[in-house]
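This report concerns only the one structure given below.
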Amino acid sequence: MEESLSLKDRKGFKIGFIIFLTILLFIAFLVGNIKGTLQVEAKRIFEVIMTDDGSPERMVIWNIRLPRMILAALVGANLALSGAILQGVMKNPLADPSIIGISSGAGLLGIVVLVVFPQYIGLVPIAAFVGAMVAAFLIYILSWKGGIQTTRIILAGVAVSALFGAGISGILVFYSDRVHGALTFMNGSLSSRSWPEVWTILPYTIIGFILVNIFSEKLNILILGDDVARGVGLNVEATRLGFTALAAFLAASAVSVVGLLGFVGLIVPHSIRLIIGNDYKYMFPATALLGSVLLMFSDTFARTFLSPTEIPVGIVMAVVGAPFFLFLLRRE
Amino acid sequence: MKDIILEVKDLSVNYKNKNILDGINLEIEKGKIYSIIGPNGCGKTTLIRMMSKSLKPKRGRVLLHGDDIFEMKSKDIAKRMAILNQNNTTISDITVRKLVQYGRYSYKNWWSGLDKEDEDIIEWAMEKTFVTSLKNRRIDTLSGGERQRVWLAMSIAQKPEILLLDEPTTYLDICHQLEILELVTKLNKEEGITIIMVLHDINHAVGYSDEIIVINNKNIYAKGDSWSILETKVIEEVFNVKTQTMIDKETNKPIFYAKKVI
């Protein structure tokens, strides 16, 4: 007697869930554009996006809310994908770019350029990528002992994170006259970000999203263990290196436009795993979508909750994320 | 003429500055079943992991049909040789069908899906190992014996000429131990797959293999068929136990009995 597939293993369920997330993305987009000091009707949003009628709604939507919502979606997707990849290649459910120091690596080099060499501001994304890669490889070197060991990765990651965090603090102390830009960078915020930031991060999201989906099967095989993966013919070293670089690339691009934003890479992939399982073929699109939805809603909340004061979205994420992190720790 | 499928030449391995294997030479003939035995820590697992490129040697070569595996692509090795690892403890929620499908990885490119031939081979692999009825189950819900058969199905879906097994019976009860060994023998007889396995139980090695390779003190201590190993003092010298050998009248194979520590 053959047993039938359980709900979580059914293709239709997984695809249905991804469609549901797409609808949620649309709702988050609408809510984010409607809400604010100036309430705009849903119907008007599309009118003013399509045509420049010189109205105040057009000003608010086109110059502020629309780019900010798009940016939130892109950053959320990048961070969530980065976390999903890191959890796979590092074989650790607690891996998240902000927890294990990849974001602070990106942050340190980003801030160095921002504060010490402000004339090269265009190099921030590249510097952030280099910082993220350095952090990732430091973690591997520190935790490698005849293979990857789960607990050592987190310990090494916390150490690396502390090290780069100290570097960031050092810069802020030595260049205290120039830290204003750097401070918002530290706290992860989407405020006063607009089209230039969207154009900076968009190529990273597109390239990253395409690559993770093309190579998702390789990561599926890698998580079965190095020996098994090698046995079926996977080039384990190249796969791990490639995916780590991709995770660093995605996290760094997010950090370079909105600063240090924690927990997205932890909460989102885990929620997805609980709902549709660990198959990366479905996990990657679902993770990207939920990352976008989460950050769009969080930013709308951060912007409107104490209006006119704005809470940095990083704080909202920490308030949601920290308890979730503890919940996962308890479950392990 | 002997048909040599796998050849180990002057293989030496160090682990943490300690010499584990020292100058091993070994020839594996096509179509036979080999068992590797030896006391704990003698390097038998290291040897089999080396043969599958899971570890790199300090010196020496492993030749698959004359090609050095350390210079071959992983995919090309996987099409000829499969390995069943010791503790596949992976806690994964993938289904049996999906796991077996990964056995076809080395034949695929990232853009190509499964074709009819792959589907047939996957079905064949599951039938051979009696896991077809489990195909929709998640592997983390299977028992030890079922799980081992599923890993075996994945290995043979690679359509290998050689199958390496590292202690395939560990953690299984006696019935499931024999089930795996009988399955392996069947794959050897029906599909002509050359088998090399590390075994703990000497009687299993005696009963199921054409040749036994005894590893001791960083090198091959003895190699030969069951009788040649059990008739001599090899087991006593290597394992430090007093032994007695009897004959199984049905199969005319020896049965071994360890009486006490020397």
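B:GLN86 meets all of the listed conditions (1) facing chain A (nearest Cβ under 8 Å); (2) within 16 Å of the chain's Cα centre (by Cα) but one, namely (1).
Determine whether the range A:186-204 contains at least one residue that is of a type in the set (D, E, K, R) and over 30 Å from B:ARG80 (Cα atoms). Don't jump to the end; show me each part of the working.
First, the residues of the range A:186-204 that are of a type in the set (D, E, K, R): A:193, A:197.
Narrowing further to those that are over 30 Å from B:ARG80 (Cα atoms): A:193, A:197.
Yes, some residue in the range A:186-204 is of a type in the set (D, E, K, R) and over 30 Å from B:ARG80 (Cα atoms).
Checked against (1) on the phi < 0 side of the Ramachandran plot; (2) within 13 Å of chain A (Cβ to nearest Cβ), B:LYS53 passes all but a single condition, namely (1). A single entry from A:VAL198, A:VAL134, A:VAL112 fulfils the requirement of being more than 16 Å from A:ALA245 (Cβ to Cβ), among the hydrophobic types (A, V, I, L, M, F, W, C) and either buried (at least 21 other Cβ atoms within 10 Å of the Cβ) or within 21 Å of the chain's Cα centre (by Cα) (or both): A:VAL198.
Of all the criteria given as (1) under 20 Å from A:ASP226 (Cβ atoms); (2) in contact with a helix residue (DSSP H, G or I) (Cβ under 9 Å, 6 or more places away or on another chain); (3) without any contact (Cβ under 8 Å) to a residue 60 or more places away in the chain; (4) more than 10 Å from chain A (Cβ to nearest Cβ), the one not satisfied by B:PHE70 is (2).
With touching a residue at least 12 places away in the same chain (Cβ under 8 Å), acidic (Asp, Glu) and over 20 Å from B:ASN252 (Cα atoms) as the only criterion, which of B:GLU179, B:GLU211 stands out? Let's see the steps before the verdict.
Working: B:GLU211 fails: over 20 Å from B:ASN252 (Cα atoms).
Selected residue: B:GLU179, the only one of B:GLU179, B:GLU211 that is touching a residue at least 12 places away in the same chain (Cβ under 8 Å), acidic (Asp, Glu) and over 20 Å from B:ASN252 (Cα atoms).
When B:ALA222, B:ALA153 are screened for being of a type in the set (A, V, I, L, M, F, W, C) and more than 24 Å from B:ALA78 (Cβ to Cβ), only B:ALA222 passes.
Scan the range B:139-148 and give yes if some residue there is under 15 Å from the mean Cα position of the chain (by Cα) and either modelled with pLDDT of 90 or more or under 30 Å from A:ILE272 (Cα atoms) (or both), otherwise no. Write out each step before concluding.
Narrowing the range B:139-148 to residues under 15 Å from the mean Cα position of the chain (by Cα): B:148.
Subsequent filtering for residues that are either modelled with pLDDT of 90 or more or under 30 Å from A:ILE272 (Cα atoms) (or both) retains B:148.
For the range B:139-148, residues under 15 Å from the mean Cα position of the chain (by Cα) and either modelled with pLDDT of 90 or more or under 30 Å from A:ILE272 (Cα atoms) (or both): present.
Does A:VAL264 fit the bill of being within 18 Å of the chain's Cα centre (by Cα) and under 23 Å from A:ALA136 (Cβ atoms)?
Numbers: within 18 Å of the chain's Cα centre (by Cα): yes; under 23 Å from A:ALA136 (Cβ atoms): yes.
Spelling it out, A:VAL264 is indeed within 18 Å of the chain's Cα centre (by Cα) and under 23 Å from A:ALA136 (Cβ atoms).
Being within 13 Å of chain A (Cβ to nearest Cβ) and of a type in the set (Asp, Glu): is that true of B:ASP140 here? It is true that B:ASP140 is within 13 Å of chain A (Cβ to nearest Cβ) and of a type in the set (Asp, Glu).
Would you mind finding the one in A:SER143, A:SER98, A:SER103 that is in contact with a Phe, Trp or Tyr (Cβ under 7 Å, 6 or more places away or on another chain), among the polar types (S, T, N, Q) and under 29 Å from A:LEU224 (Cα atoms)? After applying the criteria, what remains is A:SER98.
Taken over the range B:156-180, the criterion of being more than 12 Å from B:LYS79 (Cβ to Cβ) and either modelled with pLDDT of 95 or more or not in a helix (DSSP H, G or I) (or both) is satisfied by B:LEU163, B:LEU164, B:LEU165, B:ASP166, B:GLU167, B:PRO168, B:THR169, B:THR170, B:TYR171, B:LEU172, B:ASP173.
Let's see how each residue does on (1) closer than 30 Å to B:ILE48 by Cα; (2) free of Cβ contacts under 8 Å to residues at least 40 places away in the same chain; (3) away from every other protein chain (no Cβ under 14 Å):
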residue	(1), (2), (3)
A:LEU155	no, yes, yes
A:GLY170	no, yes, yes
A:VAL173	no, yes, yes
A:SER189	no, no, yes
A:GLU197	no, no, yes
A:PHE209	no, no, yes
A:GLU217	yes, no, no
A:LEU222	yes, no, no
A:ASP226	yes, no, no
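Would you confirm whether any residue within the range B:103-116 is assigned to a helix (DSSP H, G or I), more than 19 Å from B:ILE162 (Cα to Cα) and either facing chain A (nearest Cβ under 8 Å) or free of Cβ contacts under 8 Å to residues at least 24 places away in the same chain (or both)? Yes, that holds for at least one residue.
Close contacts from the range A:22-47, counting a first residue that is without any contact (Cβ under 8 Å) to a residue 12 or more places away in the chain and within 14 Å of A:ARG68 (Cβ to Cβ) and a second that is among the hydroxyl-bearing types (Ser, Thr, Tyr) and exposed (fewer than 15 other Cβ atoms within 10 Å of the Cβ), with Cβ to Cβ under 9 Å and a gap of 6+ residues or different chains, come to none at all. Residues of the range A:9-28 that are buried (at least 16 other Cβ atoms within 10 Å of the Cβ) and modelled with pLDDT under 90: A:ASP9 alone. Scoring B:ASP93 on the criteria (1) part of a helix (DSSP H, G or I); (2) among the acidic types (Asp, Glu); (3) within 23 Å of A:TYR280 (Cβ to Cβ) leaves a single failure, condition (1).
Residues A:LEU5, A:LEU94: which one is within 14 Å of another protein chain (Cβ to nearest Cβ), part of a loop (DSSP other than H, G, I, E, B) and touching a helix residue (DSSP H, G or I) at 6+ places or on another chain (Cβ under 9 Å)?
Numbers: A:LEU94 fails: within 14 Å of another protein chain (Cβ to nearest Cβ).
Answer to the selection: A:LEU5.
For the range B:36-67, the candidate set comprises residues that are part of a loop (DSSP other than H, G, I, E, B), touching a residue at least 24 places away in the same chain (Cβ under 8 Å) and among the polar types (S, T, N, Q); within that set, the residue that is surrounded by the fewest Cβ atoms within 10 Å (Cβ to Cβ) is B:SER54.
Assess whether B:GLY192 counts as being at pLDDT 90 or above and among the small types (Gly, Ala, Ser). Give the derivation first.
Values: at pLDDT 90 or above: yes; among the small types (Gly, Ala, Ser): yes.
Judged against the criteria, B:GLY192 is a match.
Test A:ASP53 against the criterion of being at pLDDT below 90, over 28 Å from A:LEU250 (Cβ atoms) and not in a helix (DSSP H, G or I), and give yes or no. It is true that A:ASP53 is at pLDDT below 90, over 28 Å from A:LEU250 (Cβ atoms) and not in a helix (DSSP H, G or I). Cβ-Cβ distances below 7 Å connect the following pairs, each with a first residue in the range A:231-248 that is facing chain B (nearest Cβ under 10 Å), a second residue that is at pLDDT 85 or above and in a loop (DSSP other than H, G, I, E, B), and a separation of six or more residues or different chains: A:GLY231/B:SER52; A:VAL232/B:GLN158.
Of all residues in the range B:160-175, those satisfying the criterion of being crowded, with 16+ Cβ neighbours inside 10 Å and either among the acidic types (Asp, Glu) or more than 15 Å from the chain's Cα centre (by Cα) (or both) are B:GLU161, B:ASP166, B:GLU167, B:LEU172.
Take B:LEU187 and tell me if it is outside any helix (DSSP H, G or I), surrounded by 16 or more Cβ atoms within 10 Å (Cβ to Cβ) and either modelled with pLDDT under 90 or within 15 Å of the chain's Cα centre (by Cα) (or both). Quick ask: steps written out before the conclusion?
Numbers: outside any helix (DSSP H, G or I): no; surrounded by 16 or more Cβ atoms within 10 Å (Cβ to Cβ): yes; either modelled with pLDDT under 90 or within 15 Å of the chain's Cα centre (by Cα) (or both): yes.
Judged against the criteria, B:LEU187 is not a match.
The values are calculated or read from the model by the stated rules, or taken from the named source; none is laboratory data. Values in this document were obtained by computation on a predicted structure and should not be read as measured data. Cβ atoms come from the backbone with ideal geometry, glycine included; neighbour counts cover every protein chain shown.
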